[in-house]
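A.B. asks: Here it is, the structure in full.
The values are calculated or read from the model by the stated rules, or taken from the named source; none is laboratory data. As the structure is a prediction and not an experimental result, all values here were calculated from the model. Every residue, glycine as well, gets a Cβ built from its backbone with ideal geometry; the counts of neighbours run over all protein chains shown. Surface accessibility is based on the protein's heavy atoms, side chains included, excluding ligands, DNA and RNA. Shrake-Rupley method; radii C 1.70, N 1.55, O 1.52, S 1.80 Å.
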Amino acid sequence: DFFQVSFSNAAGRWTLQDDLTVLDDLVVSNGTLDVAALDLDVNGDVTISGAGILDLIDVNCEVVISGNVTVSAGTLRAPAVADNTSFTVAGSWEVSGTGTFVHGSGRVYFDGAGGADTVVTSSTSTDDFFQVSFSNAAGTWTLQDDLTVLDDLVVSNGTLDVAALDLDVNGDVTISGA
């Protein structure tokens, strides 16, 4: 386990050889961190900036982020799996600036109980979800701008506050729970 981890070398490419647990924050500001077919558990925030790339695209990759995800530049490549365990996020989500989110035809599963999490998808690059699910009875996620979901949206046991913004879902919408 590591406390805080930062990757920053424009020519750098790091490929995990074992599962990685970060007890606090993970930062990728330059270069590529390839998780391969391994697990990534971050107990703090994940920040991608500069020319950083966090590559989680492998279908066998399991990712748990207990804090916020921020991509202000660089690229986040999500696991290519549509389930509720391959990519879970407990905090807020922000893909802004020139940040790029590559959905990999997978699902992002929000399970935080913070009650005041936000979702920002205002990037000048790609920032749409393929599938997205929000699930925690104590969770509230508030959109900060229009949201596009290319496939399915699920809200169970929590609140997705769209406010006066546009929500464009090209697949099924499922709302259930308390």
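A.B. asks: Among the candidates VAL132, VAL154, single out the residue that is under 18 Å from ALA90 (Cβ atoms), without any contact (Cβ under 8 Å) to a residue 24 or more places away in the chain and touching a Phe, Trp or Tyr at 6+ places or on another chain (Cβ under 9 Å). Quick ask: steps written out before the conclusion?
C.D. replies: Values: VAL132 fails: without any contact (Cβ under 8 Å) to a residue 24 or more places away in the chain.
One residue alone meets the criteria, VAL154.
A.B. asks: I've got another one for you. Every residue in region 105-119 that is hydrophobic (A, V, I, L, M, F, W, C) and within 13 Å of LEU160 (Cα to Cα), please. First the steps, then the outcome.
C.D. replies: Keep residues of region 105-119 that are hydrophobic (A, V, I, L, M, F, W, C), which gives 108, 110, 113, 116, 119.
Of everything in region 105-119, those that are hydrophobic (A, V, I, L, M, F, W, C) and within 13 Å of LEU160 (Cα to Cα) turn out to be PHE110, ALA113, ALA116, VAL119.
A.B. asks: To continue, here is another question. Which of the residues belonging to region 43-75 are under 12 Å from VAL89 (Cα atoms), open to solvent by less than 20 Å² (accessible area, probe 1.4 Å) and either hydroxyl-bearing (Ser, Thr, Tyr) or not in a strand (DSSP E or B) (or both)?
C.D. replies: GLY44, GLY67
A.B. asks: With respect to ALA82, is the statement that it is among the small types (Gly, Ala, Ser) and outside any loop (DSSP other than H, G, I, E, B) true?
C.D. replies: no
A.B. asks: For region 118-131, check the following and say yes or no: at least one residue is at pLDDT below 95 and either hydrophobic (A, V, I, L, M, F, W, C) or open to solvent by less than 10 Å² (accessible area, probe 1.4 Å) (or both).
C.D. replies: There is no residue in region 118-131 that is at pLDDT below 95 and either hydrophobic (A, V, I, L, M, F, W, C) or open to solvent by less than 10 Å² (accessible area, probe 1.4 Å) (or both).
A.B. asks: Only residues that are under 12 Å from the mean Cα position of the chain (by Cα), charged (D, E, K, R) and not in a strand (DSSP E or B): list them for region 104-160, please.
C.D. replies: Result: ASP111, ASP127, ASP128.
A.B. asks: Return a yes/no flag: does region 80-98 have any residue that is more than 13 Å from the chain's Cα centre (by Cα), within 19 Å of THR124 (Cα to Cα) and surrounded by 18 or more Cβ atoms within 10 Å (Cβ to Cβ).
C.D. replies: Within region 80-98 (the criterion being more than 13 Å from the chain's Cα centre (by Cα), within 19 Å of THR124 (Cα to Cα) and surrounded by 18 or more Cβ atoms within 10 Å (Cβ to Cβ)), the answer is no, since none of the residues qualifies.
A.B. asks: Scan region 134-163 for residues that are aliphatic (A, V, I, L, M) and either open to solvent by less than 60 Å² (accessible area, probe 1.4 Å) or farther than 14 Å from VAL119 by Cα (or both) and jot them down. If you could, list the steps in order and put the result at the bottom.
C.D. replies: Going residue by residue through region 134-163, those that are aliphatic (A, V, I, L, M) are 137-138, 143, 147, 149-150, 153-155, 160, 162-163.
The answer is ALA137, ALA138, LEU143, LEU147, VAL149, LEU150, LEU153, VAL154, VAL155, LEU160, VAL162.
A.B. asks: Can you name the residue in region 1-36 that is part of a loop (DSSP other than H, G, I, E, B) and open to solvent by less than 50 Å² (accessible area, probe 1.4 Å) and is also farthest from VAL95 (Cα to Cα) among such residues? Even if it seems obvious, please write down each step before you answer.
C.D. replies: Of all residues in region 1-36, those part of a loop (DSSP other than H, G, I, E, B) come to 1, 3-4, 16-19, 23-25, 35-36.
Keeping just the survivors that are open to solvent by less than 50 Å² (accessible area, probe 1.4 Å) gives 16, 24-25, 35-36.
On the way: LEU16: 24, ASP24: 20, ASP25: 17, VAL35: 20, ALA36: 22 Å.
If we take residues in region 1-36 being part of a loop (DSSP other than H, G, I, E, B) and open to solvent by less than 50 Å² (accessible area, probe 1.4 Å), then LEU16 is farthest from VAL95 (Cα to Cα).
A.B. asks: Looking at region 102-113 only, could you name the residues that are surrounded by 23 or more Cβ atoms within 10 Å (Cβ to Cβ) and closer than 17 Å to ILE53 by Cβ?
C.D. replies: HIS103, GLY106
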